[in-house]
Amino acid sequence: MFAQDEWHLARDWDLTGGVRWDNYSDFGTTVNPRAALVWQFAYNLTTKLLYGRAFRAPSFQETRNLNNPVAIGNPNLDPEIIDTVELAFTYHPSPSVAATLNLFRYELRDIIRFVPDSGPGSEDVAQNTGDQTGFGLEWEIDWKISPTQSLLANYAYQNSTDEDTNSDVANAPQNQFYIRSDWEFIPDWNLNIQINWIADRSRAANDTRDDIDDYTTVDIGLRHRFKNIPLNISLIVRNLFNEDAREPSFIGVPVTAITNDLPLPGINGFVSVEYRI
């Protein structure tokens, strides 16, 4: 069940509040509120203060897995709970430019992990154990340079700590940057280039492998729009410079890590044909 209401507190001030109630047959009920306070500081600047709570229900494997010789489920698990506070600014210095800045902090508790059982045997059992805290920012600019050119760029930073080990949260990048340029260089012909940078991913405290390498990928696309028929044809090349980009493989129970992580596709391309009826 979900309920929400809005209040106009004063000129340029609005408050939205809501609450969600869920009832599960296996772990019971959970109540998750949220609120948003919006201040129209100026005609081109909006400020928002946001709060929200969310949950992750235990999976079937985490609650009902009984025949795995390594990892045993636990029917008495509680859901994971995350509380987030966010301060957001949206600024339009001109009609062609939009910039946003979000500052956030979160607390995650009752994390579900497989931990050694205190009884006889070598099985690990799913338990609510451990907390995680983090803060960061997200910045984005969307610029319509001209009728034929546009630019979109965003950057994200996060600093997350595992409270059990007092170490960085594993596998999550601390820094991310993305930029995309679109250019209609002649009528009905569009060229776009995008660059994606992922950096500063650490391992789990019990993972002895080296930290995951940073990577930068470049994609390029060429699109033609036909004038007299509703047809678009695109040629797209991903990972143009064949970067050795990898995503982390997790270590722990019931997952066994892949030594050299998960490789992303090297240079590859495809042709897309779109016909609108």
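The values are calculated or read from the model by the stated rules, or taken from the named source; none is laboratory data. Just so it is clear, the model here is predicted, and its values are computed rather than measured. Cβ sites come from the backbone with ideal geometry, for glycine too, and all protein chains shown count toward neighbours.
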Margin query: When the residues of the stretch 109-121 are narrowed to those that are in contact with a strand residue (DSSP E or B) (Cβ under 8 Å, 6 or more places away or on another chain) and on the phi < 0 side of the Ramachandran plot, which ends up modelled with the lowest pLDDT?
Written below: ASP117
Item checked: Checklist (1) at pLDDT below 95; (2) within 27 Å of THR133 (Cα to Cα) applied to ASN67, failing item -> (2)
Next item on the list: Filter the stretch 1-14 down to residues that are out of contact with any His (no Cβ under 8 Å at 6 or more places or on another chain) and either under 15 Å from TYR51 (Cα atoms) or among the charged types (D, E, K, R) (or both) and give me whichever is surrounded by the most Cβ atoms within 10 Å (Cβ to Cβ).
Entry: ASP12
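Just a yes or no: is a residue in the stretch 69-84 touching a Pro at 6+ places or on another chain (Cβ under 6 Å) and either surrounded by fewer than 17 Cβ atoms within 10 Å (Cβ to Cβ) or not assigned by TED's automatic domain parsing to the domain that holds GLY28 (or both)? Working first, answer last.
Filtering the stretch 69-84 for residues touching a Pro at 6+ places or on another chain (Cβ under 6 Å) gives 70-71, 77.
The next check asks that each one be either surrounded by fewer than 17 Cβ atoms within 10 Å (Cβ to Cβ) or not assigned by TED's automatic domain parsing to the domain that holds GLY28 (or both); those that pass are 70.
Checked the stretch 69-84: at least one residue is touching a Pro at 6+ places or on another chain (Cβ under 6 Å) and either surrounded by fewer than 17 Cβ atoms within 10 Å (Cβ to Cβ) or not assigned by TED's automatic domain parsing to the domain that holds GLY28 (or both).
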Note to self: Just checking, does the stretch 107-120 include any residue being buried (at least 16 other Cβ atoms within 10 Å of the Cβ), in contact (Cβ under 8 Å) with a residue 40 or more places away in the chain, in the same structural domain as ARG20 (by TED's automatic domain parsing) and touching a His at 6+ places or on another chain (Cβ under 9 Å)?
What the structure shows: no
Next item on the list: Return only the number of the condition from (1) modelled with pLDDT under 95; (2) among the hydroxyl-bearing types (Ser, Thr, Tyr); (3) closer than 30 Å to ARG64 by Cβ that TYR106 does not satisfy.
Entry: (1)
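Give the residue, chosen from SER59, SER94, that is over 24 Å from the mean Cα position of the chain (by Cα) and of a type in the set (Ser, Thr, Tyr).
Details: SER59 fails: over 24 Å from the mean Cα position of the chain (by Cα).
Unique residue meeting the criteria: SER94.
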Next item on the list: Could you tell me whether LEU235 is over 22 Å from LYS144 (Cβ atoms) and touching an Asp or Glu at 6+ places or on another chain (Cβ under 6 Å)?
Entry: no
Checklist line | Cβ-Cβ under 6 Å pairs, at least 6 apart or on other chains, the stretch 169-184 side more than 26 Å from SER234 (Cβ to Cβ), far side basic (Lys, Arg) and crowded, with 17+ Cβ neighbours inside 10 Å | finding: ALA170/ARG203; ASN171/ARG201; PRO173/ARG201
Note to self: Among (1) among the acidic types (Asp, Glu); (2) farther than 23 Å from ASP83 by Cβ; (3) within 25 Å of the chain's Cα centre (by Cα), there is one condition GLU123 misses while meeting the rest; what is its number?
What the structure shows: (3)
